[in-house]
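Undergrad: Pasting a structure below so you can have a look.
Here, each number is a calculation from the coordinates, and none is a lab measurement. All of these numbers come straight from a predicted model, not from anything done at the bench. When we count neighbours, we look across all protein chains shown, and the Cβ atoms used for this are built from the backbone with ideal geometry, even at glycine.
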Amino acid sequence: MIWQGSIHGDLSPQEAIPGLDEAAHNDRGRVAYSAKLILIMPAAPRAGNGALLVDVPNRGRAYAEALYNSPRDVPFLSGTLEQGTGFLQDYGFTIAEVYWELGQGADLPSFVDADGKTRYVEGIGFAIVRDAADFLAHVAATPQERPIPSGERLTARSRAESRRTDDS
């Protein structure tokens with residue numbers, strides 16, 4: 001089963017990320033971000049092994065399926081979500097593709113510098129991956145043990161804060 005959506009979070013402007021303190025703050029005084037997220041899960045949640053493989057696409061290209069599921073005779077190129085040999089699926093892994101780069105699925109905060117030039121807080125990409133992995137490790141399914149339904153929005157907070165969905 002493949003779920004595609006986005007993860008939304010915000011960070012304290014005091015977090016040690018260059019330029020974060022200069023970016024616009026939301027109504028809670030924090031700096032917001034969002035990023036594309038793809039989850040590839042076992043069709044039957046109970047068939048999973050409980051392991052989450054967090055893949056960090058480079059330049060928008062996912063690698064887990066190409067690395068672990070490529071047929072030997074014709075290897076997959078990076079960026080594919082094809083299951084190929086099905087190794088990861090056969091062994092019950094859940095794969096999270098967390099997009100973190102500007103222009104490749106992540107909406108990063110920005111600010112205008114002293115010269116009037118728009119600058120993006122690209123260092124926030126590492127916080128996106130950190131927070132998404134932490135969130136997914138602790139909230140992998142709804143209380144009914146079903147995968148999160150398509151289109152549901154997820155919200156992540158930095159590690160020091162509570163984990164929750166928008167509805168809580």
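Undergrad: With θ set to phi - 60° and the Karplus curve 6.51 cos²θ - 1.76 cosθ + 1.60, what are the ³J(HN,Hα) couplings of region 79-91 in order, to the nearest whole Hz, using x for Gly and Pro?
TA: In residue order, the calculated couplings are x, 7, 10, 5, 8, x, 5, x, 3, 4, 5, 4, 9 Hz.
Undergrad: Where does each of Asp131, Asp55, Asp21, Asp107 land when they are ranked from fewest to most other beta-carbon atoms within 10 angstrom?
TA: Fewest-to-most Cβ neighbours within 10 Å comes out as Asp21, Asp107, Asp55, Asp131.
Undergrad: Right, here's the next one. Check Gly79: other-chain or 5+ apart residues with amide H under 5 Å from its amide H, H built from backbone geometry?
TA: Answer set, sorted by chain and number: Ala62, Tyr63, Ala66.
Undergrad: Quick one: length gained pulling Met1 to Ala114 fully straight, 0.36 nm per residue minus the C-alpha distance?
TA: 35.9 nm
Undergrad: Give me a comma-separated list of calculated 3J(HN,Hα) values for region 47-54, in order, Karplus coefficients 6.51, -1.76, 1.60 applied at θ = phi - 60°, integers in Hz, x for any Gly or Pro.
TA: Going residue by residue, I get 7, x, 8, x, 9, 10, 9, 8 Hz, with x marking Gly and Pro.
Undergrad: Next up: Grab the other residues whose beta carbon is less than 13 angstrom from that of Pro57, score K and R as +1, D and E as -1, and report the net.
TA: -1
Undergrad: Treat the count of other C-beta atoms within 10 Å as a stand-in for reagent exposure and order Met1, Met41 from fewest to most.
TA: Listed from fewest to most nearby Cβ atoms, that is Met1, Met41.
Undergrad: So for Val74, Val54, fewest C-beta neighbours within 10 Å to most, what's the order?
TA: Val74, Val54
Undergrad: If r is the Cβ-Cβ distance from Ala44 to Phe126 and R0 is 30 Å, what FRET efficiency results, to the nearest 0.05?
TA: 0.35
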